[in-house]
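Down below is the structure, laid out as structure tokens.
The values are calculated or read from the model by the stated rules, or taken from the named source; none is laboratory data. Since the model is a prediction, treat every value here as computed from it, not as a measurement. Reconstructed Cβ throughout: ideal geometry from the backbone, glycine too, with neighbour counts over all protein chains shown. Just the protein is used for accessible areas: all its heavy atoms, side chains included, with ligands, DNA and RNA removed. Shrake-Rupley method; radii C 1.70, N 1.55, O 1.52, S 1.80 Å.
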Amino acid sequence: MSIAGNLQKIKQELPGQVSLVAVSKTKPVEAIQEAYEAGQRIFGENKIQEMTEKWEALPKDIQWHMIGHVQRNKVKYMAPYVSLIHGVDSFKLLKEIDKQAHKNERVIDCLLQLKIAEEDSKFGMGIDALKKMLLSAEFQQLTHIRIKGFMGMATLTSDDSQIAKEFKELKTYFDTFSGELSTMEILSMGMSADYKIAIDQGSTMVRIGSAIFGERNYAK
Ligand SMILES: *Cc1c(COP(=O)(O)O)cnc(C)c1O
């Protein structure tokens, strides 16, 4: 099926309150343009340089989401235009985003990536670190970031009940911390393989790549 066809099919399955990030990492500008023409406006990338090149080449009403692990020394390159950073997994990174947002005279929306998967390899903040950060005076002084919600990735497994359990845990944290942070509204969870489970567990934003653009070819 075509990119437009895939997009249409997925959109029909998403409840009204769930927004779709089309994950275009490794895909060419032409593929993004095709999705754009089919009405898609939110795209997700995981490398700052690649995202910046695409931002320069494509229409300016696209909202660019950084969904990957972010190196602090590269935040400055996306600070002028990034619309939402999903993978904020440390206080240090959040402070750097605040600093770069300030330089650009803007406020940058962020999601905190929480660790929910069993696997050690997944990035994310632990709950203790999160609580400590929220209580610190330093955090209160960050006026150029807005914590819009949480992001999480489930364990890569064929066991749907395990995935559901991890997403449910994230949703519980989301509900708890929403009471303390008034800006919280986004729960980013679910990718091509598990977005239906994520939606059942309360996701409000799914990040879908291969089901829209086809498999990625890293060898190229
Ligand atoms: C690549 C990626 C996705 C999309 O993965 P698909 O399986 O292609 O849908 C979603 N979230 C993150 C953080 C990613 O790196």
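Among the residues of region 178-204, what is the count of those that are open to solvent by 10 Å² or more (accessible area, probe 1.4 Å) and modelled with pLDDT of 95 or more?
17
MET1: more than 22 Å from TYR195 (Cβ to Cβ), hydrophobic (A, V, I, L, M, F, W, C) and within 16 Å of the ligand (Cβ to nearest atom), yes or no?
no
Given (1) open to solvent by 80 Å² or more (accessible area, probe 1.4 Å); (2) at pLDDT 95 or above; (3) away from the ligand (no atom under 15 Å from the Cβ), where does MET78 come up short, assuming only one miss?
Failed condition: (1).
Give me a count of the residues in region 91-125 that are assigned to a loop (DSSP other than H, G, I, E, B) and in contact (Cβ under 8 Å) with a residue 24 or more places away in the chain.
Number satisfying all stated conditions: 11.
Among the residues in region 105-127, are any aromatic (Phe, Trp, Tyr), under 18 Å from the mean Cα position of the chain (by Cα) and open to solvent by 20 Å² or more (accessible area, probe 1.4 Å)?
yes
Which ones in region 178-206 are within 27 Å of LEU142 (Cα to Cα), within 11 Å of the ligand (Cβ to nearest atom) and not in a loop (DSSP other than H, G, I, E, B)?
Result: SER188, MET205.
Checking the structure you have, find out if any residue of region 160-176 is of a type in the set (Val, Ile, Thr) and within 14 Å of the ligand (Cβ to nearest atom).
yes
Considering only region 75-90, state which residues are part of a helix (DSSP H, G or I) and either in contact with a strand residue (DSSP E or B) (Cβ under 6 Å, 6 or more places away or on another chain) or within 15 Å of CYS110 (Cβ to Cβ) (or both).
VAL75, MET78
Scan region 145-177 residue by residue and report those that are part of a helix (DSSP H, G or I), over 28 Å from ILE108 (Cα atoms) and without any contact (Cβ under 8 Å) to a residue 24 or more places away in the chain.
SER161, LYS165
Residue check, GLY209 against (1) open to solvent by 20 Å² or more (accessible area, probe 1.4 Å); (2) in contact (Cβ under 8 Å) with a residue 40 or more places away in the chain; (3) of a type outside the set (A, V, I, L, M, F, W, C), all met but one. Which one?
Looking at each condition in turn, GLY209 falls short on (1).
Restricting to strands (runs of 3 or more DSSP E) lying wholly in region 5-73: which have 1 or more residues that are open to solvent by 70 Å² or more (accessible area, probe 1.4 Å)?
63-66
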